[in-house]
1. Which members of the range 271-285 meet the condition of being assigned to a helix (DSSP H, G or I) and more than 21 Å from the chain's Cα centre (by Cα)?
2. If you scan the range 70-102, which residues turn out to be open to solvent by less than 20 Å² (accessible area, probe 1.4 Å), touching a residue at least 40 places away in the same chain (Cβ under 8 Å) and within 18 Å of residue 48 (Cα to Cα)?
3. If I go through the range 181-204 residue by residue, how many of them are more than 14 Å from residue 75 (Cα to Cα), among the charged types (D, E, K, R) and at pLDDT 90 or above?
4. Output the number of the condition that residue 172 fails; it satisfies all remaining conditions of (1) at pLDDT below 90; (2) under 30 Å from residue 107 (Cα atoms).
5. Within the range 108-139, track down each residue that is in a loop (DSSP other than H, G, I, E, B), open to solvent by less than 10 Å² (accessible area, probe 1.4 Å) and among the charged types (D, E, K, R).
6. Residue by residue through the range 163-197, note down the ones that are assigned to a loop (DSSP other than H, G, I, E, B) and either open to solvent by less than 100 Å² (accessible area, probe 1.4 Å) or touching a Pro at 6+ places or on another chain (Cβ under 9 Å) (or both).
7. Within the range 3-99, considering only strands (runs of 3 or more DSSP E) that don't extend past its boundaries, which have at least 1 residues that are over 22 Å from residue 178 (Cβ atoms) and within 20 Å of the chain's Cα centre (by Cα)?
8. Could you look through the range 207-238, keep only residues that are open to solvent by 90 Å² or more (accessible area, probe 1.4 Å) and modelled with pLDDT of 80 or more, and pick out the one that is farthest from residue 105 (Cα to Cα)?
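The values are calculated or read from the model by the stated rules, or taken from the named source; none is laboratory data. Just so we're clear, the structure is a prediction, and the values are computed from it rather than from any experiment. Cβ: placed from backbone, ideal geometry, glycine included. Neighbour counts: every protein chain shown. SASA here: full protein model, heavy atoms, side chains in, ligands and nucleic acids out. Shrake-Rupley method; radii C 1.70, N 1.55, O 1.52, S 1.80 Å.
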Amino acid sequence: MERLTAQDLMSLWPDELGWPMDIGALAILDGTGLLDPDGRFRIDDVREVVQRRLHLMPRFRQLLYTPPLGLGGPLWVDARSVDLTEHIRVWQLTAPADEAQLLLAVERLRARRLRRSRPLWEMWFLPGLPGGRVGMYMKAHHTIADGVAGVALLGALLDVDATVFRTPAPPWSPAPIPTTGELLRDILRRRARAVRRALARVAHPIDTARRARAAWPAIRSFFQARAPRTSLNRPIGAHRRLALIRCRLDEARQVAHTHDAKVNDVLLAAIAGGLRDLLRSRGEPVDVVLRAFVPVSLHREGLDAVRGNQDAVMVAPLPIGEPDVVHRLRWIAKATAERKSQIHAPGLNAFPTASSSGRRGTSFPVNDSST
């Protein structure tokens, strides 16, 4: 019986506030073999391929089930059936579509709410790009996967070689929803384990105090500073405008290596520089330190075995008042190294509620998989 973890639940409650916690990925595919001679997308063939691979993604054929009051929190149950015509669909772009048209379509698809009555994922194909290419936008609820696990899901679906051998799907039949008795016994076992853990902590007060003291710096970093007053600290709506910023990964790696930093530190330094330019263009003071909300991956398994959510959280300073880009990068690299050393176990899940420096406002979530 797979109950949602505390991290999963932190990704679930914002849905009730109209703030869905979905993750998404956009890929550009070679259209050879995906389009028929008339240029139509072969949607039935694609659904067949995905059908054969659903066993590699168990959450793609499971539902969230909330038991009656008193029988514990939500858990995963097998869907009676998975209708891929509801999950895998086509959004035809007006050919030849440019990048702005592609991103506008992706934003419209991102804004669609996933329905709890079926597995929490969708896959959209967007034909109409120049050169016969096809966009693929896949989104899933954050309870299914974090960023690293999302990469693993894409890897299970996509092949580098178009001539890969197609294996048949193994047989599968959905398991029944747990009975009231099974749910009751499960919740009683969990509560008994929680009591035993609490008693163990009481029995070892020195060790418990040591763990609390080790965790305190990371907790304190969330609340110790107030946000500077900027135009970024204001309510925001649900709509987004997407844009792509391109850079070379090898160059970012070289910069990071030269200055004893991580690639993610280079990204944070670039964000800080962009925010500095933005606030200066608005005539606002820039001699401030903003903070970025950074989920840190705690996955240790190989990519082919990555499942679910294993994130800790880190709040990294963005010294936008520092005009020198090298000093800015070194400041950030030192701060993130210190904060990563304080992370010992999974913490809060990644959700964009962190503020510029403590007060509610705009946050800048950045995925960090370097630890």
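1. Correct list: 272, 273, 274, 275, 276, 277, 278, 279, 280, 281.
2. 88
3. Summing the residues that are more than 14 Å from residue 75 (Cα to Cα), among the charged types (D, E, K, R) and at pLDDT 90 or above in the range 181-204 gives 2.
4. (2)
5. Within the range 108-139, none qualify.
6. 164, 167, 169, 170, 172, 173, 174, 175, 177, 178, 179
7. Once the strands (runs of 3 or more DSSP E) in the range 3-99 are filtered for at least 1 residues that are over 22 Å from residue 178 (Cβ atoms) and within 20 Å of the chain's Cα centre (by Cα), what remains is 22-29.
8. In this case the residue turns out to be 229.
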